[in-house]
Structures are given as structure tokens and as C-alpha cells.
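Every read-out reported here was derived from the displayed coordinates using simple, explicitly stated rules and does not represent laboratory data. Here the structure is a predicted model, which means the values were calculated and not measured. Positions of Cβ are generated from backbone atoms using ideal geometry, with glycine treated the same way; all protein chains shown enter the neighbour counts.
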Amino acid sequence: MTAPTVVSGTDADAGAGDGILAQARRQVLESGLGLTQAQILAVLQLPDEALTDLLQLAHDVRMRWCGPEVEVEGIVSLKTGGCPEDCHFCSQSGTFDSPVRAAWLDIPSLVEAARATAATGATEFCIVAAVRGPDERLMEQVRQGVAAIRAAVEINIACSLGMLTQAQVDELAAMGVHRYNHNLETARSHFTNVVTTHSWEERFETCEMVRAAGMELCCGAIVGVGETVEQRAELAGELAALDPDEVPLNFLNPRPGTPFGDYPVVGARDALRTIAAFRLAMPRTILRYAGGREITLGDLDTAGLLGGINAVMVGNYLTTLGRPVSDDLTMLADLKMPIKSLQATL
Amino acid sequence: MSIRVEPAGAAADGGPSDGRPAETLFCDRCGAEAGHGDHSACTVARRLEPPRYCGSCARRLVVQVTPTGWTATCSRHGTLAN
Ligand code: SF4
Ligand SMILES: [Zn+2]
Ligand SMILES: [Zn+2]
């Protein structure tokens, strides 16, 4: 395993204020080269007065290197709750006093969820399980579920089943799972403050195996879990070095009973600055709005789509609810952003 | 809006077993008594969350969220779905 080397850059690289925006315009917009970690930090430290210009630049970068299309995805929890891991933001961990109880979805309901997702125009359906990694019972459920969906619904199938063995990676690829989600969650230097039951390096190893097996890699993060702004820049740099096909960006939705249950919600301006910074770090990636946007951005979620985001998760999440699907589809139509599967285009 | 779609078997404690919504005694988000304390934050949060506790007995519910809805089952009082 080789962990990604993050180009740290120097203070001179980073510039400040208008300097970093001018640099980013030349480097990212015109040349398609993502910002270094030091440059990402300079973007995250821009004052509120520069936010409009920053979002416009991130939008220009997205339009130039990705185009106007938006990828729409739905997700469902195949196995909910009772996870042995202790990710401090997660209500599905069995190690905290969370109200979320264990539940399994049956195959007909899984197919129905895929059908309902496809009916929204979504091109991607992700099957998620709250586990450290799949055991044989879960793999059998996934085998049956993927086969049943492929027989009944026209949609790309993704999976998020935790850390995998090489044999499981190979089997998922052979099943036709075209994308696998496994998030780095937070900066390597902050990880042990967020998770103690497995390591950042173990997560990274699964990501590498997924890509080596020919599946698309979906690897994202959760923002607002106590990281410093420097660590947020580090995280964006680490993701950029890993270069996933998709980066889902979650904002902490503090869950009752979890260690981070009383953490503050990320402010809207900070969230938008983060979105723009991630886009400038990864000009060509599929940057997806994932969980938490409703409480973090409220009605400002359009600003994210005009500030670097080019993919959305529609409908409900795993344990919480999203906005009505029709609201999101109307928003995309109003913005003249057509829905399209993006994996082949970027 | 949620509806009761599947009552549990005859309730041994005399609670409703005919599909009628049971009396709401407990907050379905935090599980505390509905008549005591301030549950306004729970009410706001519930716009983006399914229920987690049975309003009749405060048992934790087995909840399945799907892309377009949810079901929430109390072992004594049956299943709610939106
Ligand atoms: S591994 Fe996944 S499901 Fe388990 S506690 Fe961590 S985030 Fe939650
Ligand atoms: Zn309450
Ligand atoms: Zn009950």
C-alpha cells in the first residue's frame, strides 16, 4: 500500500486574498491543475467578502472541466445500525447509546427502492450497509440484491459495504458493481479523534484495491467533525492525491447519542467555501452533495450547485430524510443543469 | 404524515391492536414524556427524521428508511409508514 503524497506547497504558492483567486484562475481554470494543500488552505481562509468571486470561479472550473450536467443518485440502507465501529459522527454505530436499531432490508424492498430511484431520473443507486466489512450473510444478500436489481431496473449499481478483502473486491467487480464508496471521512492527522476502531490507512487500502479491480472509486468526507481549517485543507489534498472518480461531501448532522451529537452545524458560508475549495482541488471529479446539506445550507443549496457541485443525492438518506425529490429536480431544471451519468465523461 | 399500516398482535397491556393510532404519550424523537419538557427542537428535527420511539410506549422503533419513505415498527404497537 502506498499512501498518497500530498503536495504541501509553500506559502509563496498559496498567496492570499485576490492573489489566490488569480492563481487559481490561471492554474485550475485555464490549466486544469488542482490546487496544492497550501493553496487550498488559502482558499478556505478567504474572507466572506471574497465568497461570491470564489464561488463563481469554482463554478467556472466545474463548467470548463466537467460541463453543465449533474449526476443524480439515490441510496438505501441494506443493513442498518448495530455497526461494531465507533465513527463518532455516526448514529449507526452499536458502540453508542443511539436510538437507531438494527434492521435488514429484504430483496423485494431493495428492488423497489432502486425502481423508485430510477423513476426520479437518477442514474446511480447505492446499496449501503452499516458494517466494518461484509460477512458471508451480507455478501449473499448483496449477490441476490444486485442480480435482482439488474434484472428489473435500468440503473448503475454502486455499493458501500465497508472495508473489503481482495476476494470481495474481485467478486463485487465481477457482479457488475461499477462504483464502490468508501470515504476517507476526515484528514489523516485528525482521524484518530473521529474513529478508534480502524485506521485511516485501512480505509485507504480498500480504496486502492477498489480502483485496481476496475471499479470506479467514490471516496468522500464528512466536514464539521472537529477538524481545523488546516486539517480541512489537508483532507482535500489527500483526496486530490487519491484522485477518486467521485467525492461525496457530507456535512455533520449531529446525531443524538453520538459523541459528536452536540457539535455545531457547519455555517453556510463555511460550507460553501469548502465546496469551492474541494472543486478547485479536484477540477474534474464528480463532487456530490451528500448528507447534511439541508441543515447546513437550507435554501442556499442552489449556491453550492453554482459553486462547484455537479452531483446530488436525492430522496432520503440512510437514517434521516432528505428534501422532496421533486424540489431537487425542479431546482436542477431551473438551473438548466441536465441529469446525466457522469462516469464516462470526465 | 404517517399512517399505521400494520398493527402488532393483540396487545397484552390493553393497548390498541386494531390499527387505530395509540394515544401519544411519548415524544417520538427523544422518547421522553410528551407532556413534560420542551420538545420544540424535536418537532423541528422530525421534519428531516423518521420517528425513533413509539409514541405509545417509548420503545425504540425498528426503522427502515428508503429513498421515498420510511417504516417504523414497535414490537407491541405495530408499524407506522409515511
Ligand atoms: S463504519 Fe460506517 S456504519 Fe459503522 S460506525 Fe463507521 S460510519 Fe457508521
Ligand atoms: Zn422530544
Ligand atoms: Zn409501542
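Give me the dipole magnitude in Debye, nearest 20, for the stretch A:65-345 about the Cα centre, with unit charges on the beta carbon: positive for Lys and Arg, negative for Asp and Glu. All intermediate terms of the calculation are to be shown ahead of the outcome.
Working: 22 positive and 36 negative charges, 78 e Å.
Here the size comes out at about 380 debye.
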Computed helical MRE - 222 nm, the protein assembly as shown, DSSP H runs ≥ 4 contributing -39500 (n - 2.57), nearest 500: -9500 deg cm²/dmol
Top positive-direction residue, dipole computed over the stretch A:248-346 with Cβ charges, set A:342, A:267, A:250: A:342
Theoretical gain in end-to-end length, residue A:144 to residue A:167 [0.36 nm per residue, Cα-Cα removed]: 6.5 nm
For the stretch B:50-56, Karplus couplings with θ = phi - 60° (6.51, -1.76, 1.60), whole Hz, Gly/Pro x: x, x, 10, 10, 5, x, 8
Two-site FRET efficiency, residue A:340 against residue A:30, from Cβ-Cβ distance with R₀ of 25 Å, rounded to 0.05: 0.50
Nearest-0.05 FRET efficiency for residue A:135 and residue B:59, computed from C-beta distance (R0 30 Å): 0.60
Compactness of the stretch A:45-100 as Cα Rg over 2.2 N^0.38 Å, two decimals: 1.91
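Of all DSSP beta bridges in the protein assembly as shown, what percent run antiparallel (nearest 5)? Please list the in-between numbers first.
On the way: 16 of 48 bridges.
Rounded to the nearest five, the antiparallel share is 35 percent.
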FRET E, pair residue B:41, residue A:212, Förster distance 60 Å, beta-carbon r, rounded to 0.05: 0.80
The stretch B:52-74 residues near the modelled residue A:102 label - backbone nitrogen below 14 Å, point 7 Å along Cα→Cβ: B:62-63
Diffusion constant of the stretch A:65-345 at 20 °C, which comes from Stokes-Einstein with the Kirkwood Cα-pair radius and 1.002 mPa s, µm²/s: 115
Spin-label proximity, residue A:300 to the stretch A:307-336 - amide N less than 18 Å from point 7 Å beyond Cα toward beta carbon: A:307-310
Unmatched cysteines, chain A - criterion: no other Cβ of a Cys under 4.7 angstrom: A:66, A:83, A:126, A:159, A:207, A:218, A:219
Amide H partners (placed H, <5 Å) of residue A:287, local residues excluded: A:247, A:310, A:311
The stretch A:159-235-the stretch A:92-152 distance, computed between alpha-carbon centres (Å): 18
Within the stretch A:303-342: backbone nitrogen closer than 19 Å to the residue A:60 label point (7 Å, Cα to C-beta): A:303-310
